[in-house]
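A.B. asks: Got a structure here, written out as structure tokens. Questions coming.
The values are calculated or read from the model by the stated rules, or taken from the named source; none is laboratory data. Quantities reported herein were computed from a predicted structural model and do not represent experimental measurements. Counting neighbours? That spans all protein chains shown, and the Cβs are built from the backbone with ideal geometry, glycine included.
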């Protein structure tokens, strides 16, 4: 690799998916520049030490008068303009990136060719929205009307506009690739960012102190559930409805739930002004031993890893959307994962081989599977081992995914 190649990473929430590859390139002595929305760049400054960071500001948000199908598209165009202004200023200073890697979903890449026509642009295409057959309309508890379905179709406009200007296009999983139009799939590479399996590994000596002062240790009867936010897209409502039976049948079990309460990453907030945690506790709280249910909030990485290492049974549920990094991290940490039998999960977990699967909506089956895993941990040792082996052999960050990403960037 030529010394001091210039890499420009663009993501509204930089570094996003580019965290580890950006760090790797800095360690190789490359010139790395990260661009993102100003407030996000400020908040996450220092995550890629040695990289130069620049932030852009949107001049405004989408106008209220804009048709609601198009507000997202308008905001993405405004973002594209802001990125272009920043890039033109860089160009005036003499900056010329050799490689640009950018998330295409929010408009950042729309006008990059106007500033850097010679750069090799690698576009990260995270998701292609479908009004049917994926996340939209999956959960009958949350009905979609025709207006919702039409609005969903428009969500793809920005990515489709960005497609032509990219030299290489990639998405992390086969499931995500399957959602793209047939005419585009031949041009779409599948490449995951990878998992740091050296750091994220089993630790039989793990322990942690919970918010109520209780100290727990690996080997105890601990059920874990990890998500950025507590919300239906990631099955929070299903887990909560299974907990009364689980805690009744397993009187020594504790439940550790990681995630933020006051926001949603995907889908909608409750319509009654409550958070999803408040809504579900209102529904099932009287049937729970709340002294054994621990909400840990958002955790730093080291604490998140300890939670996984403590786990005797780990639940991961998701709509047919994209899989969370946390599920692959749980597998790498040697967790006994009980997952939903939805395509994002079944790409990684084979029932009875690398984990256990349940129908997303089958609360009774979820409770039964969790109770089995809590009651007889040794019975599932081979599944834990197989899960970690799969992640090491196919998704290890440093030996497999990182070299593939760098090769893809360079062409």
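A.B. asks: Across the stretch 170-191, what is the total count of residues that are closer than 21 Å to residue 403 by Cα, surrounded by fewer than 21 Cβ atoms within 10 Å (Cβ to Cβ) and in contact (Cβ under 8 Å) with a residue 60 or more places away in the chain?
C.D. replies: Total meeting the criteria: 5.
A.B. asks: If I filter the stretch 255-268 for residues that are in a loop (DSSP other than H, G, I, E, B), assigned by TED's automatic domain parsing to the domain that holds residue 217 and either without any contact (Cβ under 8 Å) to a residue 12 or more places away in the chain or over 24 Å from the mean Cα position of the chain (by Cα) (or both), do I get at least one hit?
C.D. replies: The answer is no, given that none of the residues of the stretch 255-268 is in a loop (DSSP other than H, G, I, E, B), assigned by TED's automatic domain parsing to the domain that holds residue 217 and either without any contact (Cβ under 8 Å) to a residue 12 or more places away in the chain or over 24 Å from the mean Cα position of the chain (by Cα) (or both).
A.B. asks: Are any residues in the stretch 275-300 touching a helix residue (DSSP H, G or I) at 6+ places or on another chain (Cβ under 8 Å), in a loop (DSSP other than H, G, I, E, B) and buried (at least 17 other Cβ atoms within 10 Å of the Cβ), and if so, which ones?
C.D. replies: Correct list: 288 only.
A.B. asks: Still on this structure, please answer the following. Please determine whether any residue of the stretch 353-360 is outside the structural domain of residue 178 (by TED's automatic domain parsing), in a helix (DSSP H, G or I) and under 27 Å from residue 235 (Cβ atoms).
C.D. replies: Taking every residue of the stretch 353-360 in turn, none turns out to be outside the structural domain of residue 178 (by TED's automatic domain parsing), in a helix (DSSP H, G or I) and under 27 Å from residue 235 (Cβ atoms).
A.B. asks: Okay, next question. Look at residue 19 and say whether it is over 20 Å from residue 162 (Cβ atoms) and in a helix (DSSP H, G or I).
C.D. replies: yes
A.B. asks: Something else about it: Filter the stretch 400-411 for residues that are surrounded by fewer than 14 Cβ atoms within 10 Å (Cβ to Cβ) and either in contact with a helix residue (DSSP H, G or I) (Cβ under 7 Å, 6 or more places away or on another chain) or free of Cβ contacts under 8 Å to residues at least 24 places away in the same chain (or both) and give the result.
C.D. replies: 403, 407
A.B. asks: On to the next question. So which of 229, 203 is over 26 Å from residue 101 (Cα atoms), in contact (Cβ under 8 Å) with a residue 12 or more places away in the chain and in contact with a strand residue (DSSP E or B) (Cβ under 7 Å, 6 or more places away or on another chain)?
C.D. replies: Sole residue among the options that is over 26 Å from residue 101 (Cα atoms), in contact (Cβ under 8 Å) with a residue 12 or more places away in the chain and in contact with a strand residue (DSSP E or B) (Cβ under 7 Å, 6 or more places away or on another chain): 229.
A.B. asks: Now a separate question. In the stretch 322-334, is there at least one residue being more than 22 Å from residue 218 (Cβ to Cβ), free of Cβ contacts under 8 Å to residues at least 12 places away in the same chain and not assigned by TED's automatic domain parsing to the domain that holds residue 136?
C.D. replies: No.
A.B. asks: Within the group 11, 68, which residue is touching a residue at least 24 places away in the same chain (Cβ under 8 Å), in contact with a helix residue (DSSP H, G or I) (Cβ under 9 Å, 6 or more places away or on another chain) and over 20 Å from residue 123 (Cα atoms)?
C.D. replies: The conditions single out 68.
A.B. asks: Kindly provide the set of residues from the stretch 116-130 that are in a strand (DSSP E or B) and crowded, with 20+ Cβ neighbours inside 10 Å, ordered by number.
C.D. replies: Hits for the stretch 116-130 are 121, 122, 123, 124.
A.B. asks: Looking for whichever is part of a helix (DSSP H, G or I) and within 19 Å of the chain's Cα centre (by Cα) here; the options are 373, 303. Which one fits?
C.D. replies: Exactly one of 373, 303 is part of a helix (DSSP H, G or I) and within 19 Å of the chain's Cα centre (by Cα), namely 303.
A.B. asks: Considering only residues that are touching a strand residue (DSSP E or B) at 6+ places or on another chain (Cβ under 8 Å), over 30 Å from residue 149 (Cβ atoms) and in a loop (DSSP other than H, G, I, E, B), look in the stretch 45-96 and name the one that is modelled with the lowest pLDDT.
C.D. replies: This residue is 45.
A.B. asks: Can you name the condition, by its number, that residue 149 falls short on among (1) crowded, with 19+ Cβ neighbours inside 10 Å; (2) out of contact with any helix residue (DSSP H, G or I) (no Cβ under 6 Å at 6 or more places or on another chain)?
C.D. replies: Evaluating residue 149 over (1) crowded, with 19+ Cβ neighbours inside 10 Å; (2) out of contact with any helix residue (DSSP H, G or I) (no Cβ under 6 Å at 6 or more places or on another chain) leaves (1) as the failure.
A.B. asks: Could you pull out the residue among 367, 387, 375 that is touching a strand residue (DSSP E or B) at 6+ places or on another chain (Cβ under 8 Å), touching a residue at least 24 places away in the same chain (Cβ under 8 Å) and in the same structural domain as residue 247 (by TED's automatic domain parsing)?
C.D. replies: Sole residue among the options that is touching a strand residue (DSSP E or B) at 6+ places or on another chain (Cβ under 8 Å), touching a residue at least 24 places away in the same chain (Cβ under 8 Å) and in the same structural domain as residue 247 (by TED's automatic domain parsing): 387.
A.B. asks: Could you please tell me which pairs satisfy a Cβ distance under 8 Å, a separation of 6+ or placement on different chains, a first residue in the stretch 139-155 that is under 17 Å from residue 321 (Cβ atoms), and a second residue that is modelled with pLDDT under 90 and surrounded by 14 or more Cβ atoms within 10 Å (Cβ to Cβ)?
C.D. replies: These pairs meet every condition: 142/267.
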